[in-house]
Amino acid sequence: MSLQTHLVELERKHRQLEEAIAKAVARPSSDDLTVVELKRKKLLLKEEIERVRQTMPDRTLH
C-alpha cells in the first residue's frame, strides 16, 4: 500500500470517528466512557496521519 493510499484510509477513518462522536454526544443517554474512547481513537489516528504526512515527500516544491 502506498503512503498516499494509507493516508487516505486514515483520513477516512478519522472522519468516521468524528461522525460517531457527534452521534454519541447528540444522544441524551450517551455514555461518557464511550465518547472518551472514541475521542482517544480519533486522537491516535490524527497522530498517525501526521506521522505519515511527515514521511511523504513534499510534492509542492518543484
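Put simply, of Leu3, Leu45 the only residue that is without any contact (Cβ under 8 Å) to a residue 60 or more places away in the chain and touching a Ser or Thr at 6+ places or on another chain (Cβ under 7 Å) is Leu3. Only one of the numbered conditions (1) surrounded by 10 or more Cβ atoms within 10 Å (Cβ to Cβ); (2) modelled with pLDDT under 95 is violated by Pro57, and that is (1). Total residues in the range 1-49 satisfying the condition of being within 8 Å of the chain's Cα centre (by Cα), among the hydrophobic types (A, V, I, L, M, F, W, C) and either at pLDDT below 95 or open to solvent by 90 Å² or more (accessible area, probe 1.4 Å) (or both): the figure is 1.
The values are calculated or read from the model by the stated rules, or taken from the named source; none is laboratory data. The structure displayed is predicted, hence computed values, not measured ones. Methodologically, a virtual Cβ is constructed for each residue, glycine included, from the backbone with ideal geometry; neighbour enumeration extends over all protein chains shown. Accessible surface areas use protein heavy atoms only, side chains included; no ligands, DNA or RNA. Shrake-Rupley method; radii C 1.70, N 1.55, O 1.52, S 1.80 Å.
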